[in-house]
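Peer 1: Sharing a structure here in structure tokens format.
The values are calculated or read from the model by the stated rules, or taken from the named source; none is laboratory data. Note that this is a predicted model, so its numbers are computed, not measured. Here Cβ is always computed from backbone atoms with ideal geometry, including for glycine, and neighbour counts include all displayed protein chains. Ligands, DNA and RNA are stripped out before the accessible areas are found, and what is left, the full protein with its side chains, is counted by its heavy atoms. Shrake-Rupley method; radii C 1.70, N 1.55, O 1.52, S 1.80 Å.
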Amino acid sequence: MKRRVRIGILDSGVHAAHPHVGGIAGGITIGPHGLAAGCEDRLGHGTAVAALIHHVNPQAELVAVKIFESKLATSLPTVIRAIDWCLEQEIDVINLSLGTVNTGHRAAFEFAVEKTRSAAAVIVSALEINGMPALPGSLKGVIGVLEPEPGSTHDYQTRERYGKLVYTAPPYPRDIPGVPREHNLKGASFAVARVSALVAEAWTGNSNGHSWSEAMLPSLATGAVQCEQVPRRSQQEV
């Protein structure tokens, strides 16, 4: 029997009892002093991300990896430690709700991405921050995600940037009935969460020996880059 795909949510933790989350398969806190039991979310961001992933893909197993405590910021060693922990726990999709434009972190992230690829897992992360290439999202081997451009008639697309294909996805969390999207939260973290859910839904387990990004996206080597477009759906269906 094929096991359920596991998504590691590196964020502010998850309130597992929230009715929109549907429970989690496990959780941990990773901070400056190492690992600690528990993953209670005191900021709400990680719970909103988990609720959206569960809404888009209720079959995936969610694992909360708390790396934010009192604010949505953390350190490079904590992020790398969290990625390593995910690989040890055989997590398939690492949902990374953060990024940095600090190029001094590039080597560390490249090494983490290579370890992730070797473990037949994948990182999904924001491609850019304020129009600048973000780490690790802009690295090859990472599924980079952007928000749709203003005026776009499609929520989901693929395009070429930084020598690879990347996704665009709506930057909104799970919709609140009766509340316009513009009055809800908004940000690239939710675009990343949507793509993580879709990656898990299409997961193949890399049985063909190729990296996940090669299996998921059209090959750049052939020059046959096709823009896959999905028409916008109603807010209730997204």
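Results for (1) small (G, A, S); (2) buried (at least 16 other Cβ atoms within 10 Å of the Cβ), shown as yes or no for each residue.
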| residue | (1), (2) |
| --- | --- |
| V122 | no, yes |
| S125 | yes, yes |
| V142 | no, yes |
| V145 | no, yes |
| P150 | no, no |
| H154 | no, no |
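Peer 1: If you don't mind, another one. How many residues are assigned to a loop (DSSP other than H, G, I, E, B), at pLDDT 95 or above and not polar (S, T, N, Q) if we restrict to segment 122-150? Talk me through it step by step, then tell me what you get.
Peer 2: Our first condition is that a residue be assigned to a loop (DSSP other than H, G, I, E, B); within segment 122-150, this holds for 127, 130-131, 134, 136-141, 147-150.
If we keep only those that are at pLDDT 95 or above as well, we get 127, 134, 136-139.
Restricting the remaining residues to those that are not polar (S, T, N, Q) gives 127, 134, 136-137, 139.
Qualifying residue count, segment 122-150: 5.
Peer 1: Now a separate question. List pairs: first residue in segment 8-30 and touching a residue at least 12 places away in the same chain (Cβ under 8 Å), second residue acidic (D, E) anywhere in the structure, Cβ distance under 6 angstrom, at least six positions apart or on different chains.
Peer 2: Pairs found: S12/D41; G13/E40; G13/D41; V14/D41; H15/D41; A25/E61.
Peer 1: For segment 1-15, name all the residues that are more than 22 Å from V122 (Cα to Cα) and open to solvent by less than 40 Å² (accessible area, probe 1.4 Å).
Peer 2: none
Peer 1: Could you check R181 against (1) under 19 Å from the mean Cα position of the chain (by Cα); (2) modelled with pLDDT of 50 or more; (3) under 23 Å from V21 (Cβ atoms) and say which number it fails?
Peer 2: (1)
Peer 1: Among the candidates V192, V199, single out the residue that is touching a Leu at 6+ places or on another chain (Cβ under 9 Å), crowded, with 17+ Cβ neighbours inside 10 Å, at negative phi and of a type in the set (V, I, T).
Peer 2: Among V192, V199, only V192 is touching a Leu at 6+ places or on another chain (Cβ under 9 Å), crowded, with 17+ Cβ neighbours inside 10 Å, at negative phi and of a type in the set (V, I, T).
Peer 1: Among the residues of segment 69-114, write down those that are among the β-branched types (V, I, T) and not in a helix (DSSP H, G or I). Full working, then the answer.
Peer 2: Applying the first criterion (among the β-branched types (V, I, T)) to segment 69-114 yields 74, 78-80, 83, 91, 93-94, 100-101, 103, 113.
Hits for segment 69-114 are T74, I91, V93, I94, T100, V101.
Peer 1: If you don't mind, there's one more thing I want to ask. What about I83, is it farther than 24 Å from H18 by Cα and either under 17 Å from the mean Cα position of the chain (by Cα) or at pLDDT 95 or above (or both)?
Peer 2: Numbers: farther than 24 Å from H18 by Cα: yes; either under 17 Å from the mean Cα position of the chain (by Cα) or at pLDDT 95 or above (or both): yes.
Yes; evaluated as a whole, the condition is true for this residue.
Peer 1: Let me ask something else. Step by step: first the residues of segment 73-86, then only those that are aliphatic (A, V, I, L, M) and under 18 Å from G27 (Cβ atoms), then the one that is surrounded by the most Cβ atoms within 10 Å (Cβ to Cβ). Which residue is that? Walk me through how you get there before you give the answer.
Peer 2: Initial filter on segment 73-86 (aliphatic (A, V, I, L, M)): 73, 76, 79-80, 82-83.
Cutting the leftovers down to under 18 Å from G27 (Cβ atoms) gives us 79, 82-83.
Working: V79: 23, A82: 24, I83: 27.
This residue is I83.
Peer 1: Being among the basic types (K, R), over 14 Å from the mean Cα position of the chain (by Cα) and surrounded by 17 or more Cβ atoms within 10 Å (Cβ to Cβ): is that true of R174 here?
Peer 2: Spelling it out, R174 is indeed among the basic types (K, R), over 14 Å from the mean Cα position of the chain (by Cα) and surrounded by 17 or more Cβ atoms within 10 Å (Cβ to Cβ).
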